[in-house]
Amino acid sequence: MKKTNTMNNRFVMPRRVEFADTDMAGIVHFAAFFRYMETAEHELFRSLGLTLVDMERDPHLGWPRVSCGFDFIRPLRFGDDFEVHIGVANISEKSVAYEVEVVREGKTIARGHSTSACCEVGTGIKVRSVPIPAEARGKLQQYLVRK
C-alpha cells in the first residue's frame, strides 16, 4: 500500500528487507538503499499517472540521476519492515531534487537525496536535458516538502 504523509508532503512506500538486499551478516548492503530510493521515485511517478521513461514520445523522455547519496544512521536487517518516505525538495526548469528518509518503527534508518534531470533519450541520439513538461511539474509540486 502506498500513501501520502500529509504532514510533510511525502510519498510513503512500505517495504520488507529481502534476503538479496543483505550482506553475510544479514544487514542491508548500502547499495540496496539506492534501489529503494529509485523504486520510491518510480512509485511516486506511478501514483501521479506519470512514467520515468516515456516511450510514446520521439525522442523518448527519461529522468536519469545526476546526483545521489545517503547518510546511514542505524542498520536494517533481513526481514525488517520499513518505509521509504520521498518528497520533492526542489523543482528547477529541467530537474527534480528529492529528499528521502528510510524509516523503521518510527526511527530514521538513513537519509538520502537524489536529483533527476528531465532528458530526451533514445537510440542514436545524444542525451540532453529538456524543460520539465508542465503536466509533470504540476503533479510533482504536490509533494514539495514544506520546511
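The values are calculated or read from the model by the stated rules, or taken from the named source; none is laboratory data. Computed from a prediction, not measured in an experiment: that's the story for all the values here. Virtual Cβ from ideal backbone geometry, glycine too; neighbours counted across all protein chains shown.
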- [ ] Select from segment 109-128 the residues that are within 29 Å of Asn8 (Cα to Cα) and among the hydroxyl-bearing types (Ser, Thr, Tyr) and write down the one among them that is surrounded by the fewest Cβ atoms within 10 Å (Cβ to Cβ).
- [x] Thr115
Task: Subset of segment 61-111 that is of a type in the set (A, V, I, L, M), assigned to a strand (DSSP E or B) and in contact with a Ser or Thr (Cβ under 8 Å, 6 or more places away or on another chain) - its residue that is farthest from Asp23 (Cα to Cα) - done: Val96
Task: Residue list for segment 1-21, restricted to those being at pLDDT 90 or above and assigned to a loop (DSSP other than H, G, I, E, B) - done: Val17, Glu18
TODO: Name the single residue, out of those in segment 22-60 being in a strand (DSSP E or B) and more than 22 Å from Val121 (Cα to Cα), that is nearest to the chain's Cα centre (by Cα).
DONE: Val28
- [ ] Pull up segment 87-108, narrow it to residues that are of a type outside the set (Asp, Glu) and closer than 20 Å to Val28 by Cβ, then point me to the one that is surrounded by the fewest Cβ atoms within 10 Å (Cβ to Cβ).
- [x] Gly106
- [ ] Have a look at Ile86, Ile91 and point out the one that is hydrophobic (A, V, I, L, M, F, W, C), at pLDDT 95 or above and out of contact with any strand residue (DSSP E or B) (no Cβ under 6 Å at 6 or more places or on another chain).
- [x] Ile91
TODO: May I ask you to verify whether Phe72 is touching a strand residue (DSSP E or B) at 6+ places or on another chain (Cβ under 6 Å), more than 16 Å from Val12 (Cβ to Cβ) and buried (at least 16 other Cβ atoms within 10 Å of the Cβ)?
DONE: no
Task: Test set (1) among the aromatic types (Phe, Trp, Tyr); (2) surrounded by fewer than 16 Cβ atoms within 10 Å (Cβ to Cβ); (3) within 28 Å of Pro59 (Cβ to Cβ) - Tyr143 fails condition number - done: (2)
Task: Odd one out for Leu61, checked against (1) of a type outside the set (D, E, K, R); (2) touching an Asp or Glu at 6+ places or on another chain (Cβ under 9 Å); (3) modelled with pLDDT of 95 or more - done: (3)
